[in-house]
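For reference, the structure discussed in these notes is given below.
The values are calculated or read from the model by the stated rules, or taken from the named source; none is laboratory data. Quantities reported herein were computed from a predicted structural model and do not represent experimental measurements. Cβ: placed from backbone, ideal geometry, glycine included. Neighbour counts: every protein chain shown.
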Amino acid sequence: MTPRDENPFSPGYDTEGDHGLVARAVDGSKDALRELVARHQPFVYNLSLKMCGRREDAEDLTQEVFVKVITSLRTFRAESAFRTWLYRLTVNHLLKSRRRGMEVLVDDFETYFARIAAVPDEAMTPQELRDAAGTVEELRIRCTTGMLMCLDREQRITYVLGELFGVDHQLGGELLDISPGNFRVRLSRARKDLYSWMNQRCGLVNAANPCRCDKKTRAYVRSGAVDPEHLMFNTDYVDKIEALTRSRSSEVIDTVEQLHQRVFLEHPLQVSRSKVVDEILHNDTLRTFFSI
């Protein structure tokens, strides 16, 4: 099964499978509860990671979400899709949670790009570039994740859902409790704000801009902001976010907007620590609630 097949935001997603697991979990099946959590945990985790930019905080957010979900499971009514109920709760929690991770380090686009510009450029030889390829990629993902943090929370979650996870306007409106038209407008504004600043400053999308990830890498490593021995972004993944949709890097990029989108679709689809599901299911609140 491919990530696209498992994507709960895909039009062809098997919602009935969720309903069967929910019914069994409410009846006391530990296996069904574990399968339900394991089925959705990667998407809650990756959505959380794009909202806070730090893996440890994303794991905390994921656990917080599932505590809410599982303790409210008996209130779910099968007249609606479980995925809508789950991810509406997830979205609400992420929007209302305290600021954490990269959110507290980034203020706005102007300040963020000014900080990057202040970092000195240092060229590498071709061999050094080959040796440091993983670290350069780490900086690329870190830097562009910081760009997402420059969007306000509503813009950011709309962008991640609509542009990266492939959520259509109808489902997006349901998750954010707004009309499909308003979701479309929010997504358009988020794209415009993000892509406008990238086009002015980022060399990944505009060759006229001098900023290059490889030229900034040495200075970021020296400052300790990037640690080649302990990568935070360019690690623990088996696919990229683009695998959730039909998009592929090999496809012809027809528009400037697609060029900007591609920068984020090529981010890793991260895998959290293997014991996170166990930590969720063994949370003290849930152990009492479900006697597990």
Before we move on, is Arg156 surrounded by 17 or more Cβ atoms within 10 Å (Cβ to Cβ) and either in a helix (DSSP H, G or I) or polar (S, T, N, Q) (or both)?
-> yes
Got at least one residue in the range 116-137 being at positive phi and either at pLDDT below 95 or in a helix (DSSP H, G or I) (or both)? no
key: Leu151 vs. criteria outside any helix (DSSP H, G or I), of a type outside the set (Ser, Thr, Tyr) and either closer than 30 Å to Ser10 by Cα or without any contact (Cβ under 8 Å) to a residue 40 or more places away in the chain (or both)   = yes
If you go through Val167, Val205, the only one that is within 19 Å of Leu86 (Cα to Cα), in contact (Cβ under 8 Å) with a residue 24 or more places away in the chain and among the β-branched types (Val, Ile, Thr) is Val167
Selection from the range 246-274 of residues out of contact with any Ser or Thr (no Cβ under 9 Å at 6 or more places or on another chain) and either at pLDDT below 65 or of a type in the set (S, T, N, Q) (or both) yields Arg246, Ser247, Arg248, Ser249, Ser250, Glu251, Val252, Ile253, Asp254, Thr255, Arg273, Ser274
Val205 meets each of (1) part of a helix (DSSP H, G or I); (2) in contact with a helix residue (DSSP H, G or I) (Cβ under 9 Å, 6 or more places away or on another chain); (3) within 30 Å of Ala118 (Cβ to Cβ) with one exception, condition (1)
Residue pairs qualifying under the 9 Å Cβ cut-off, at least six apart or on distinct chains, with the first in the range 179-200 being within 27 Å of Arg115 (Cα to Cα) and the second being basic (Lys, Arg) and exposed (fewer than 14 other Cβ atoms within 10 Å of the Cβ), are none
Residue set Arg24, Arg34, Arg4; condition surrounded by 15 or more Cβ atoms within 10 Å (Cβ to Cβ), at pLDDT below 90 and part of a helix (DSSP H, G or I); output residue Arg4
Only one of Val26, Val91, Val106, Val67 is under 20 Å from Gly162 (Cβ atoms), of a type in the set (A, V, I, L, M) and in contact (Cβ under 8 Å) with a residue 40 or more places away in the chain, namely Val91
Being more than 21 Å from Gly203 (Cα to Cα) and assigned to a loop (DSSP other than H, G, I, E, B) narrows Gly166, Gly173, Gly162 down to just Gly166
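Matching residues to (1) within 19 Å of Cys150 (Cβ to Cβ); (2) modelled with pLDDT under 95:
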{"position": "Arg189", "(1), (2)": "yes, no"}
{"position": "Ser196", "(1), (2)": "yes, no"}
{"position": "Gln200", "(1), (2)": "yes, no"}
{"position": "Gly203", "(1), (2)": "yes, no"}
{"position": "Ala208", "(1), (2)": "no, no"}
{"position": "Arg212", "(1), (2)": "no, no"}
{"position": "His230", "(1), (2)": "no, yes"}
{"position": "Thr235", "(1), (2)": "no, yes"}
